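Visitor: Right, I'll just put the structure down here and ask away after.
The values are calculated or read from the model by the stated rules, or taken from the named source; none is laboratory data. This one's a predicted model, so the numbers in the text were calculated from it and none came from an experiment. Ideal geometry is used to build each Cβ from the backbone, glycine not excepted, and the neighbour counts take in all protein chains shown.
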Amino acid sequence: MSAAIRARWIKRYKAIPCSTLLIENSYLGGLAGWQGCLFTGPSWRMKGNDIVRRLLKDVERLQIKVQQRRVTRIALRGETKEVFTSDGEVFRSLAVIIATGIKVLVNERDYLGRGLEMTSMGYEFIVAHLKKLLRKRWEPRLVIVGSPKLQNLIPLIHELNTAQSPLFFVMEGEGEGGEGVVPGRVERYWGDGYLQGVTLHTSKGLLNISCAGTLLDFNSYELCPTSRIEMENEKLSSPFIRVDQDMQTSIPGILAAGDVTIGGYNSFSRAVAQGMTAGLSAYRYVYGRKFGFEPPLFAYRPKDFLLSSHFQELPPLDEGLRPKALVKGEEIKASLGESWTWLIDRLHGHLSIREIAEEMGAEPENLKDALRWLVEKKMITFHIEVDL
């Protein structure tokens, strides 16, 4: 959310907004929105839900489109990136930010504390929590889910399973599995108010496993992320993604932010800060492809040059640019007035400034003045024609 907000909204006197799409497989906010999540310091604390609520307010206010889907791969078509989802949809853009965290989340949040347990709070806590958990007899079974690093915990779980509960191990991500370990991916958790089972996606298809509870070995994901997205014809560093100080990967226009990136300490502040940096860097990349030079991101990265009395923040508008509305037509009508109502239906990103002027018999410079006004109000952006 932090990345999407900053790509869409640039804190600058005048700026051309960026059309932004946020694709999320689960709930917006990820772990920050989970029950009991707190961000703390020695003398303060903030609820994760409060932070998520504030970010959601910006997502809604800026009318950032949200699609609930799972991204499976990204393909490069020249400068265009094609983002594929598991249900067959394809989205095209100039830049993509990978902010998947360390695992693909589904609906874990619905059953946290209601049959779904986690390893967290440190290694001594993990041992103590497992001792308590495994004293109980779990029928029909206890399901343990983790990344390939789940192997680190399996011997301890068997040792502490004094109640001799039937166990079922699920290894998500790339791995062979092993004795008593099934490679697969959790599609969803289910139950009537309390967890009763897990649906897995395996090499043999969907598999429903009934259970009395699930232990999510979150520590294993922190060691080996499983939220990998296939890159067609390219390779990102693995298991974590390597980025530079601008959150740019080795592939131009592919950025990454948050826990999925290599190095640093996993934290709320890191996620928000890297998201903001990735959003601004994606904006800079897209702007450069559209207008041929770097945007003046004043207050974020000032430029060292001599100002002239005629300096303008907005670049010259080439007549080949394709204006695209980012807000509802009523807002544009209220801003421009009744005489420009005809323009609203043509701000869909498919017609160029030249084509709109010719179709409506409008004076190109008058049209550009109206478009500049809408840009200043952050109501429109510009697309460009790209070769696929």
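Visitor: If we keep just the residues of region 81-117 that are more than 15 Å from the chain's Cα centre (by Cα) and among the hydroxyl-bearing types (Ser, Thr, Tyr), which is farthest from Glu24 (Cα to Cα)?
Guide: Tyr111
Visitor: Can you work out which of the residues in region 98-144 that are crowded, with 21+ Cβ neighbours inside 10 Å and polar (S, T, N, Q) is nearest to Ile251 (Cα to Cα)?
Guide: Result: Thr100.
Visitor: Taking Thr162 as the residue in question, decide whether it is exposed (fewer than 15 other Cβ atoms within 10 Å of the Cβ), of a type in the set (Val, Ile, Thr) and farther than 25 Å from Val71 by Cα.
Guide: When the stated conditions are applied, Thr162 passes them.
Visitor: Under the condition of being within 32 Å of the chain's Cα centre (by Cα) and touching a residue at least 24 places away in the same chain (Cβ under 8 Å), which residue from region 336-349 is surrounded by the fewest Cβ atoms within 10 Å (Cβ to Cβ)?
Guide: By that ranking, first place goes to His348.
Visitor: Scanning for something surrounded by 17 or more Cβ atoms within 10 Å (Cβ to Cβ), at pLDDT 95 or above and under 20 Å from Leu31 (Cα atoms), does region 224-232 turn up at least one residue?
Guide: no
Visitor: Kindly indicate which of Leu388, Leu297, Leu306 is within 29 Å of Gln245 (Cα to Cα), at pLDDT below 95 and surrounded by fewer than 17 Cβ atoms within 10 Å (Cβ to Cβ). Can you show your working first?
Guide: Details: Leu388 fails: within 29 Å of Gln245 (Cα to Cα); Leu297 fails: surrounded by fewer than 17 Cβ atoms within 10 Å (Cβ to Cβ).
Answer to the selection: Leu306.
Visitor: Determine whether Ser227 is under 15 Å from the mean Cα position of the chain (by Cα) and assigned to a loop (DSSP other than H, G, I, E, B). Spell out the reasoning first.
Guide: Working: under 15 Å from the mean Cα position of the chain (by Cα): yes; assigned to a loop (DSSP other than H, G, I, E, B): yes.
In short, yes.
Visitor: Can I ask one more? Are there any pairs with C-beta distances below 6 angstrom linking a residue in region 350-366 that is closer than 17 Å to Lys324 by Cβ to a residue that is among the aliphatic types (A, V, I, L, M), with the two at least 6 apart or on different chains, and if so which?
Guide: That search, which allows pairs on different chains as well, returns Ile353/Leu321; Ala357/Leu367.
Visitor: Working carefully through the options Leu160, Leu200, Leu195, find the one that is closer than 26 Å to Arg114 by Cβ, touching a Cys at 6+ places or on another chain (Cβ under 8 Å) and not hydroxyl-bearing (Ser, Thr, Tyr).
Guide: Leu195
Visitor: A follow-up question, please. Which residues, counting only those in region 83-107, are touching a residue at least 40 places away in the same chain (Cβ under 8 Å) and assigned to a strand (DSSP E or B)?
Guide: The answer is Val83, Thr85, Phe91, Arg92, Ser93, Val96, Ile97, Ile98.
This table checks each residue for (1) surrounded by fewer than 16 Cβ atoms within 10 Å (Cβ to Cβ); (2) among the polar types (S, T, N, Q).
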| site | (1), (2) |
| --- | --- |
| Thr277 | no, yes |
| Val327 | no, no |
| Glu358 | yes, no |
| Glu365 | yes, no |
| Trp373 | yes, no |
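Visitor: Another question, if that's okay. Which count do you get for residues in region 71-97 that are surrounded by 18 or more Cβ atoms within 10 Å (Cβ to Cβ) and of a type outside the set (A, V, I, L, M)?
Guide: 3
Visitor: I'm checking my understanding of the structure. Among residues of region 18-39 that are at pLDDT below 90 and part of a loop (DSSP other than H, G, I, E, B), which one is nearest to the chain's Cα centre (by Cα)?
Guide: It comes out as Trp34.
Visitor: Hey, does region 185-206 have a residue that's basic (Lys, Arg) and either in contact with a strand residue (DSSP E or B) (Cβ under 6 Å, 6 or more places away or on another chain) or outside the structural domain of Phe125 (by TED's automatic domain parsing) (or both)?
Guide: Yes, region 185-206 has at least one match.
Visitor: Quick test of your reading of the structure: Arg270 fulfils all but one of (1) surrounded by fewer than 18 Cβ atoms within 10 Å (Cβ to Cβ); (2) farther than 19 Å from Met1 by Cα. Name the failing condition by number.
Guide: (2)
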